[in-house]
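First up is the structure itself, then whatever we jot down about it.
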Amino acid sequence: MSVERKTVTITDVQYMSSNGDGSPRHRVITNQGTWPTTPGGQVGYGITNSEFRGEVILTIDGGDIVGVSTVDGSSFTGRQS
């Protein structure tokens with residue numbers, strides 16, 4: 001599966017679980033669909049920050065969010081490609 005970048009509006013972020021090393025996983029609800037954050041990825045910590053509410057660019061790989069950035073690129077976490 002290829003890496004996708006989507007400009008979306010995040011409407012809610014819900015905690016799902018933590019993996020074996022304690023990294024959180026979240027369900028991210030947007031105006032274009034719902035995706036989980038990747039297990040064990042930094043994006044699980046960062047996506048709950050306030051700068052990622054509203055319109056953002058998601059990087060999705062294999063159906064999981066692996067990165068997120070503000071539209072202007074001033075804030076980001078996880079992979080961007």
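The values are calculated or read from the model by the stated rules, or taken from the named source; none is laboratory data. As the structure is a computational prediction, the values presented were derived from the model and not from experiment. For neighbour counting, all protein chains shown are included, and Cβ atoms are generated from backbone atoms with ideal geometry for every residue, glycine included. Remember, those area values only see protein heavy atoms, side chains included, never the ligands or the DNA or RNA. Shrake-Rupley method; radii C 1.70, N 1.55, O 1.52, S 1.80 Å.
Suppose we filter segment 21-35 for residues that are part of a loop (DSSP other than H, G, I, E, B) and not charged (D, E, K, R); how many remain?
4
Taking Thr11, is it of a type in the set (S, T, N, Q), under 17 Å from Ser81 (Cα atoms) and in a strand (DSSP E or B)?
Details: of a type in the set (S, T, N, Q): yes; under 17 Å from Ser81 (Cα atoms): no; in a strand (DSSP E or B): yes.
Judged against the criteria, Thr11 is not a match.
Can you name the number of the only condition in (1) out of contact with any Asp or Glu (no Cβ under 6 Å at 6 or more places or on another chain); (2) open to solvent by less than 60 Å² (accessible area, probe 1.4 Å); (3) touching a residue at least 40 places away in the same chain (Cβ under 8 Å) that Val43 fails?
Val43 satisfies every listed condition except (3).
How about segment 36-75: which of its residues are assigned to a loop (DSSP other than H, G, I, E, B), hydrophobic (A, V, I, L, M, F, W, C) and under 12 Å from the mean Cα position of the chain (by Cα)?
Kept after step one, since they are assigned to a loop (DSSP other than H, G, I, E, B), are these residues of segment 36-75: 38-42, 47-49, 53, 62-63, 71-75.
Of the ones still in play, those that are also hydrophobic (A, V, I, L, M, F, W, C) are 47, 71.
Residue satisfying the conditions is Ile47 alone.
Quick one: Ser17 ticks every box in (1) surrounded by 14 or more Cβ atoms within 10 Å (Cβ to Cβ); (2) in a strand (DSSP E or B) except a single one, so which number is it?
For Ser17, the exception is condition (1).
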